[in-house]
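Working notes for the structure below.
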Amino acid sequence: MDRATSSRRLRLGLFVQPVGQHVSGWRLTQHLGDPTDIDWLITLAKKAEAGKFDLFFVGDALATSMYRLPSTMARLEPLTMLSALAVNTTRIGLAATASTTFSDPFTMARSFSSLDHISRGRAAWNVVTSFSTDVARNFSRSDMPDHASRYARAREFLEVAYKLWEGWEAGAVQPNKETGDYFVDDKIKPINHQGEHFQVQGPLNITRSPQGRPVIIEAGSSADGQKLAAETAEVIFTAAASLEEAQAFYRAQKDQVIAAGRNPDHVVIMPGVMPIIGRTREEAKALWKELNTLVDIENGLRQLSLRFSMDLSQYPLDGPVPEVPLGEGNQSRVKLMTDMAKRENLTLRELAAVAAGSRGHRVIVGTAEDIADDFELWLEQGGADGFNIMPAIMSEQLDLFVELVIPELRRRGLFREEYEFATLRENLGLPVV
């Protein structure tokens, strides 16, 4: 591969599973952390900040029955957790996942503005719509709203949140001891939103935050998800199994951004990837094999059943993967996994092992040079602007990424030596709002 220094630099997020992204990772670690131990999470955040990652990215689930994994069965509420991390870090971005399906825009806008204040401009919101019936049952519903309704609500939810954040203009706080005026009233405005889903007066009861609003991340790759992302997202978290698939998504998504009247350079596309790092290729391959021998196939089958919204236990494990209609569930991930099964001629057992192990994301097995080669290729060939790194074993694989992969990326001119700015928005190359 051409080693010429790239004019572009990778953006890197750490997608955090406190006990490791691979379903078997916790069984191989020498440092098993507790997903609810804030000291452990602070340790991970500091490791990521030492590596100059752009983002410390926290997922969430609103039902324990979704995957039956240690870090989904018991986890801290993301905004609460990131508020604690904010006062123990100084530069790394802090991204929390929060659903628009069972919450309200005023509370969400206020919470993220608070995190942006506490972190001095490092907050990001991963906007999702819930898809599991088990989640609905935790919020006084017997079933989930349909896919189109969830996205219509999400679109209006974001519209209201944007209005609330914009309701406080810069310079709204100007304490004047002589006049007794603390605020400039005409810089603080109600929004008086009247919509199909929400009626919100405003204004927000918190001052304009350092970034103006948090960085908006979205992960939907369905048609509705891509359209919403084109209109509103600043970072897109996606899954792609091959460079060709990633290039097609990248081109299509950037074209939709342009069609929405936005600058495509202001939308950063970051696929998820699980690097299995070894000091030699043989070491990496042996680790990958060991991880997969520990996979609980029944657990993998349960995960696939939830993803596919159908009971797969009735099908033979060593037979082909059944046809799965794209329904009301997580459409993009379903398509990725069924396409993978067809492309690689996987049995249901094999797909269950892959799904349980990688949770539907791409795996790279090799040395730091192999991983850097892959990242450089995807960056230069228009497959990604960066990656969300999902260490299989925490914290050993994170440690190896910081120790081995990041220096190799720096050697090629593909990653920063230091943080350039104070806010996440600036470090990602996004416009100040």
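Table for the structure above
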| item | result |
| --- | --- |
| Answer from Asp339, Asp399 - the residue that is at pLDDT 90 or above and part of a helix (DSSP H, G or I) | Asp399 |
| Contacts under 6 angstrom Cβ, first residue in region 420-433 being over 14 Å from Ala124 (Cα atoms), partner aromatic (Phe, Trp, Tyr), 6 or more apart | none |
| Residue within region 244-252 that is assigned by the TED database to the domain that holds Phe102, farther than 29 Å from Ala368 by Cβ, assigned to a helix (DSSP H, G or I) and touching a helix residue (DSSP H, G or I) at 6+ places or on another chain (Cβ under 8 Å) present | yes |
| Neighbours by Cβ (under 8 Å, 6+ apart or cross-chain): first from region 47-62, open to solvent by less than 10 Å² (accessible area, probe 1.4 Å); second among the aromatic types (Phe, Trp, Tyr) and in a helix (DSSP H, G or I) | Gly51/Phe401 |
| Residues of region 68-119 satisfying the condition of being in a helix (DSSP H, G or I) and without any contact (Cβ under 8 Å) to a residue 24 or more places away in the chain | Thr72, Met73, Pro78, Thr80, Thr107 |
| Pairs, first free of Cβ contacts under 8 Å to residues at least 60 places away in the same chain and within 28 Å of Val432 (Cβ to Cβ) in region 251-279, second of a type outside the set (Lys, Arg) and in a strand (DSSP E or B), C-beta under 9 Å, six or more apart | Gln253/Ile236; Gln253/Thr238; Gln253/Ile269; Lys254/Ile269; Val267/Val235; Val267/Ile236 |
| Helices (runs of 4 or more DSSP H) fully within region 122-237 counting 3 or more residues that are closer than 26 Å to Glu77 by Cβ, open to solvent by less than 30 Å² (accessible area, probe 1.4 Å) and touching a Phe, Trp or Tyr at 6+ places or on another chain (Cβ under 9 Å) | 147-166, 223-232 |
| Candidates Glu396, Glu418, Glu426, Glu408 - the one that is surrounded by fewer than 22 Cβ atoms within 10 Å (Cβ to Cβ) and more than 18 Å from Lys47 (Cα to Cα) | Glu426 |
| Filter result (part of a loop (DSSP other than H, G, I, E, B), closer than 18 Å to Pro407 by Cβ and modelled with pLDDT of 50 or more) within region 1-21 | Arg9, Leu10 |
| Residues satisfying the stated conditions in region 22-50, i.e. assigned to a helix (DSSP H, G or I) and polar (S, T, N, Q) | Thr43 |
| Pair list, Cβ under 6 Å, 6 or more apart: region 306-325 residue under 20 Å from Arg359 (Cα atoms), other residue open to solvent by 40 Å² or more (accessible area, probe 1.4 Å) and in a loop (DSSP other than H, G, I, E, B) | Pro322/Tyr315 |
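The values are calculated or read from the model by the stated rules, or taken from the named source; none is laboratory data. Bear in mind the structure is a predicted one, so any value in this text is a computation, not a measurement. Glycine gets a Cβ as well: all are built from the backbone with ideal geometry, and neighbour counts include every protein chain shown. Protein only, heavy atoms only, side chains kept; ligands, DNA and RNA dropped before computing areas. Shrake-Rupley method; radii C 1.70, N 1.55, O 1.52, S 1.80 Å.
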